[in-house]
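The values are calculated or read from the model by the stated rules, or taken from the named source; none is laboratory data. Since we're looking at a predicted model, the values are computed, not measured. Positions of Cβ are generated from backbone atoms using ideal geometry, with glycine treated the same way; all protein chains shown enter the neighbour counts.
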Amino acid sequence: METINNLITQVKTNALYVGSFLLIIAGLFVCSVVAERIIRSKKGITDKTSAARRAASVGLLSAISAALMLIELPMPFAPSFYKLDLSELPVMIGAYAFGPSVGVLIEFIKIILKLFMKGTSTAFVGELANFAVGASFVIPAATLYYAGRTKKNAIKSCVLGTICITMFGTAFNAVYLLPAFAKLYGMPLESILDLGAKVNPLAGNNIVTFVLACVAPLNLIKGAVISLLTLLVYKRISPVLKGAGIGADLVTRKNEKAEEN
């Protein structure tokens, strides 16, 4: 109850920021829906998964993703506030199964669940970072895969997603996140850069070398790990998400195999 009360207080205090956060989420969701509709009309794609089945899958994947978000691994080449988590894995599985708009939805629900479980210690800056960087990976990867569900396209989509998360995550940190964190904690940006230089000499003493030495490798590793795990487990999980029993699982596998050939 205390966590919820603190969260409500944080929302009231940062109402303008929360509003802009929600606008970003809405914009990404609309873009992904438009992309899906364009692809469907061109490819003649139909999804026979029931609404109840889809909703249950979204809820399950969101809960798993929120739990994974709480498990963070420190990286030896970056300051302690940069950590690796695997919360994008369930998001990718959902986006591959149902389309990029569902990926954005799972990403959003994941953040909401995390806030209710743990609250925010960064006035929502950290949550926006996690959502935006995660979306920069999931949306392009899932959109490419949605346009052609083949093994080759799955590999291409993972490569694209890894490139996007590395480039966007690095630029987003330099342009917005690091200055925002410096302002939030009332400390000079140089002090944050010094933290990077202490653990990674390549970080230097300017923001460009910092993000290239600390942030880019983190996002590259995250993209590569999530991609590998997605390629390994997606085909085993997707029939369960889309089907309704053994018979439906067999039909789903047969249809997906036909799409690959």
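Exactly one condition in (1) modelled with pLDDT of 95 or more; (2) in contact with a strand residue (DSSP E or B) (Cβ under 8 Å, 6 or more places away or on another chain) is false for ALA63; which is it?
It fails just one condition, (2).
Restricting attention to region 146-166, report how many residues are within 18 Å of VAL33 (Cβ to Cβ) and modelled with pLDDT of 95 or more. Full working, then the answer.
Going residue by residue through region 146-166, those that are within 18 Å of VAL33 (Cβ to Cβ) are 146-147.
Next, only the ones that are modelled with pLDDT of 95 or more stay: none.
Result for region 146-166: 0.
Looking only at region 131-160, count how many residues are within 23 Å of LEU22 (Cα to Cα) and of a type in the set (Gly, Ala, Ser). Give the steps one after another, and end with the answer.
Initially, region 131-160 is screened for residues within 23 Å of LEU22 (Cα to Cα), giving 131-143.
Applying the additional criterion that residues be of a type in the set (Gly, Ala, Ser) yields 132, 134-136, 141-142.
Going through region 131-160 one residue at a time, the tally reaches 6.
May I ask you to say which residue of GLY119, GLY134, GLY99, GLY126 is surrounded by 13 or more Cβ atoms within 10 Å (Cβ to Cβ), more than 21 Å from ARG236 (Cα to Cα) and touching an Asp or Glu at 6+ places or on another chain (Cβ under 7 Å)?
Working: GLY119 fails: touching an Asp or Glu at 6+ places or on another chain (Cβ under 7 Å); GLY99 fails: more than 21 Å from ARG236 (Cα to Cα); GLY126 fails: touching an Asp or Glu at 6+ places or on another chain (Cβ under 7 Å).
Going through GLY119, GLY134, GLY99, GLY126 in turn, the sole match is GLY134.
Give me the pairs: first residue in region 17-46 and at negative phi and free of Cβ contacts under 8 Å to residues at least 40 places away in the same chain, second residue surrounded by 12 or more Cβ atoms within 10 Å (Cβ to Cβ) and acidic (Asp, Glu), beta-carbon distance under 9 Å, and six or more apart or on different chains, which are they?
ARG40/ASP47
For region 142-156, which positions are free of Cβ contacts under 8 Å to residues at least 40 places away in the same chain and either buried (at least 19 other Cβ atoms within 10 Å of the Cβ) or of a type in the set (Phe, Trp, Tyr) (or both)?
LEU144
Can you tell me which of ILE139, ILE93 is within 10 Å of the chain's Cα centre (by Cα), crowded, with 21+ Cβ neighbours inside 10 Å and under 23 Å from ARG37 (Cα atoms)? Even if it seems obvious, please write down each step before you answer.
On the way: ILE93 fails: within 10 Å of the chain's Cα centre (by Cα).
Going through ILE139, ILE93 in turn, the sole match is ILE139.
Results for (1) assigned to a helix (DSSP H, G or I); (2) under 20 Å from the mean Cα position of the chain (by Cα), shown as yes or no for each residue.
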site: VAL30; (1), (2): yes, yes
site: VAL33; (1), (2): yes, yes
site: ARG37; (1), (2): yes, no
site: SER41; (1), (2): yes, no
site: THR46; (1), (2): no, no
site: THR49; (1), (2): no, no
site: ALA56; (1), (2): yes, yes
site: LEU61; (1), (2): yes, yes
site: ILE64; (1), (2): yes, yes
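Scan region 162-211 for residues that are within 22 Å of ALA123 (Cα to Cα), of a type in the set (A, V, I, L, M, F, W, C) and loosely packed, with under 13 Cβ neighbours inside 10 Å and jot them down.
Within region 162-211, VAL175, MET187 meet the criteria.
Quick one: ASN219 ticks every box in (1) over 30 Å from ALA51 (Cβ atoms); (2) among the polar types (S, T, N, Q); (3) at pLDDT below 95 except a single one, so which number is it?
Only one criterion in (1) over 30 Å from ALA51 (Cβ atoms); (2) among the polar types (S, T, N, Q); (3) at pLDDT below 95 is unmet by ASN219, namely (3).
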